[in-house]
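Worksheet: one structure, shown below.
The values are calculated or read from the model by the stated rules, or taken from the named source; none is laboratory data. Computed from a prediction, not measured in an experiment: that's the story for all the values here. Here the Cβ positions follow ideal geometry from the backbone for every residue, glycine too, while neighbour counts run over all protein chains shown. Please note that ligands, DNA and RNA were not included when accessible areas were found on the heavy atoms of the full protein model with its side chains. Shrake-Rupley method; radii C 1.70, N 1.55, O 1.52, S 1.80 Å.
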Amino acid sequence: MSTFELYRRSTIGMCLTETLDEMVSSEIIGPELAMQVLIQFDKSMVEALDTQVKTKVSIKGHLHTYRFCDNVWTFILQDVVFKYDERQENVGRVKIVACDSKLLV
């Protein structure tokens, strides 16, 4: 199963990458193990989002930019409103990256 590396740019992914870099620099682990951990992180994020997230979200905003390249959609939205579970969150700017999940199989 192949995975996308999208989640490495999330807050938790960047923290994991920084921690692994420090551990490799300190010779606590080798670079091969660090890469295995990142690959497992990619797989685990895809699985967790697929099996554990059940909340539906409505997103409304002004489309600033969109792009489709290599089967990946990228949307930049401004003045965004997220609605979920009777709640509403307003955000100034959001970047959404969407990939075809069929490419993972």
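Given R₀ = 35 Å, FRET efficiency for Gln78-Met23 by Cβ-Cβ distance, to 0.05? With R0 = 35 Å, the Cβ-Cβ based efficiency is 0.35. Over the chain, DSSP H runs of length four or greater, each weighted -39,500 (n - 2.57), average out per residue to a 222 nm ellipticity of -11500 deg cm²/dmol. In the chain, Cα pairs under 8 Å separated by at least six residues give a relative contact order of 22 percent. At a Förster distance of 25 Å, what's the computed FRET efficiency of Val91 paired with Thr65, Cβ-Cβ distance as r, to 0.05? Once the sixth-power term is evaluated, E becomes 0.95. A convex hull fitted around the alpha carbon atoms of the stretch 1-43 yields 54 Å³ per residue. Note that the stretch 4-105 presents 78 Å² accessible area per residue, ligands and nucleic acids not counted, probe 1.4 Å. Filter the cross-link list Lys56/Lys102; Lys43/Lys83; Lys43/Lys95; Lys60/Lys95 down to pairs whose alpha-carbon distance in this structure exceeds 19 Å. From Lys56/Lys102; Lys43/Lys83; Lys43/Lys95; Lys60/Lys95, over 19 Å: Lys56/Lys102; Lys43/Lys83; Lys43/Lys95. Reported value for the chain: 138 Å³ per residue, from the convex hull of its C-alpha atoms. When the solvent-accessible area of the chain is split by element, carbon and sulfur atoms take up 54 percent of it, the probe being 1.4 Å.
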